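The values are calculated or read from the model by the stated rules, or taken from the named source; none is laboratory data. All values derive from a computational prediction rather than experimental measurement. Cβ: placed from backbone, ideal geometry, glycine included. Neighbour counts: every protein chain shown. We work out accessible area using only protein heavy atoms, side chains counted, and drop any ligands, DNA or RNA first. Shrake-Rupley method; radii C 1.70, N 1.55, O 1.52, S 1.80 Å.
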Amino acid sequence: MNQTAEPNILYQEANPYGSLTAYLEDDGRTVYLYLQAEESPDFAIKSVWICNRIDAPKTRTDLDLRSGLAPFLTEEEVTDPKGQPEFDPKEIHFIWSEEGNGVSLFYKEELIAYLPPWSGIKGFHGYSKFAKMDTITAYPLGNTEFGVIPDRINQDRNFWEYRSTKGIWKNIQESRLAYLEYVFGKHDKYWSADGGKYPQLGIVRFAPKNMPGVYVYSTVGMSAQNLPSVELYRKDYENYARIELVCAVKVSDEDRSESWVPHQIGEIIRYPWVIGKWFGHGHSIAMSRRDPEALYLSFSSLVIREIGKEEGFPELTELKSERGNPIKFLAMIPVSEEERVFIEEKGAEEFFSLLDSTQSKWIHNPERQSTI
């Protein structure tokens, strides 16, 4: 049996969002693909066995698993019991999932392994071409050209090729702005909100003529890519994975909304892809900016509410993504700490019901009193 070598990173690459890094490591016994976070402390490192570099032993003992070394697979668990030759780093290629939280490994243009977004759940790791059966650190990849996994990876490939097309951000930006202006009229301010990083993002402000005394702030570009992790919670995730955030506020003659709203949105606009979590109806986000117009309450969190077709909401339910999937507009409503605790204990729907009896469904009134 070959001696264990110092682990060698054959290839390493960060996802386009700069939030996760994947690397392929060879320790002389095995080759594993790893995925680790750059900024999220809650993200547990994920891994999938790619192949054995040694001839597969017939058995694996508890001592092998406690050795601190990456586990090898046994003779009955692999498609070929012979150790695989060393990978040529020049022939290694990654394709990232659209959400940036999964990665597929290609070697010499052939799909070798897939570490999906659901890696790490219930002891599951990922898929490898060299796995013959479901094992402790890899499941069989199956057909590498046709089927659910290759189709999904091709969809990811097509997405990144599309996003790299010259001028595509301008098209995305203009389509969102055109839809928002159809609803709210011409925008009066626009801020770039991506800090020069991917994905391209903006914040836009409207002063709708039919809504005197109200400014509407909206993100532009969040809906150009799927939110990560939605599919872990919803089977029909493609209906919830594309969003834009909206924050509408009543303003006084002094109007200090610009001192906090665009800054607050700017601080969370990249959050899903940096942290790997999604925004959805009923979720809450801690506020880092103070509303200077607040009169009776100290607003500490934003509760997210989906803008629907019901009376009292603006008509923001018809926009589709470039793939034809629905784009949901989510209103962010500032709440006090007491209200946040109420939402946590009683649920968002009960809070929204109380809010609707005295306030707008989606427009923040800084002078309102507590709803509970």
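Based on Cβ point charges of +1 for Lys and Arg and -1 for Asp and Glu, what charge dipole magnitude is obtained for the chain about its Cα centre, in debye rounded to the nearest 20? Intermediate values should be presented prior to the final figure.
On the way: 41 positive and 57 negative charges, 104 e Å.
Around 500 debye, computed over the chain.
Along each of the three principal axes of the Cα atoms of region 206-267, give the extent in whole Å, ordering the values from largest to smallest.
46, 26, 18
What does the convex hull of the alpha-carbon atoms of region 223-338 project to on average, in nm²? Walk me through the intermediate numbers first.
Values: hull surface 33.5 nm².
For the Cα atoms of region 223-338, the hull's average projected area reads 8.4 nm².
Could you work out what % of the accessible surface of region 117-173 is carbon and sulfur, using a 1.4 angstrom probe and leaving DNA, RNA and ligands out of the count? Write down the numbers at each step before the final one.
Numbers: 1780 of 3300 Å².
The computed percentage sits at 54.
Binning every alpha carbon pair distance of region 87-126 at 5 Å from zero, what are the percents per bin?
6, 25, 25, 20, 16, 7, 1
Within region 85-144, report the GluC sites (Glu not before Pro) that DSSP leaves as loop and that have at most 13 other Cβ atoms within 10 Å.
Details: sites: Glu86, Glu91, Glu98, Glu99, Glu109, Glu110; in loops: Glu86, Glu98, Glu99, Glu109.
Here the sparse-neighbourhood loop sites are Glu86, Glu109.
Contour minus end-to-end for Gln155 and Ile45, with contour as 0.36 nm per residue of separation and end-to-end as the Cα-Cα distance?
In short, 37.1 nm is gained.
With unit charges on the beta carbon (Lys/Arg positive, Asp/Glu negative), name the residue among Pro326, Ile307, Trp362 whose Cα is farthest towards the positive pole of the charge dipole of region 303-372.
Pro326
Just check region 97-193 against the gyration tensor rule for me: Cα atoms, a ≥ b ≥ c as the square roots of the eigenvalues, rounded for a/c under 1.5, and otherwise prolate or oblate depending on whether a/b exceeds b/c. Write down the numbers at each step before the final one.
Working: a/c = 3.77, a/b = 2.53, b/c = 1.49.
Prolate.
Name the shape class, rounded, prolate or oblate, that the alpha-carbon gyration tensor gives for region 278-340, where a ≥ b ≥ c are the square roots of its eigenvalues, rounded holds for a/c under 1.5, and otherwise prolate holds if a/b is larger than b/c and oblate otherwise. Don't skip to the end; give the middle numbers.
On the way: a/c = 2.78, a/b = 2.09, b/c = 1.33.
Judged from the Cα gyration tensor, region 278-340 comes out prolate (a/c at least 1.5, a/b above b/c).
How many lysine pairs does region 55-182 hold where the Cα atoms are under 16 Å apart and the two sit 8 or more places apart or on different chains?
Value for region 55-182: 6.
Taking every DSSP beta bridge with both residues inside region 100-221, roughly what % is antiparallel (nearest 5)?
90
How much accessible area per residue does region 212-343 have, in Å², with a 1.4 Å probe?
Numbers: 5440 Å² over 132 residues.
It amounts to 41 Å² per residue over region 212-343.
If you build a Gaussian network model of the chain, linking Cα atoms that sit under 10 Å apart, which residue out of Asn101, Asn52, Asn210 swings the most?
Result for the chain, Cα springs under 10 Å: Asn210 fluctuates most.
Please name whichever of Leu33, Ala138, Leu316 sits farthest to the positive end of the charge dipole of the chain, dipole taken about the Cα centre and charges placed at Cβ: Lys and Arg +1, Asp and Glu -1.
Leu316
Which value, in nm² and rounded to one decimal, describes the direction-averaged projected area of the C-alpha convex hull of region 1-154?
Numbers: hull surface 36.5 nm².
With every direction weighted equally, the projected area is 9.1 nm².
Please report how far the C-alpha centroid of region 194-224 lies from that of region 238-317, rounded to the nearest whole angstrom.
Each part reduced to its Cα centre gives a spacing of 11 Å.
Averaged over all directions, how much area does the convex hull of the C-alpha atoms of region 62-118 cover when projected, in nm²? Don't skip to the end; give the middle numbers.
Details: hull surface 23.4 nm².
Result: 5.9 nm².
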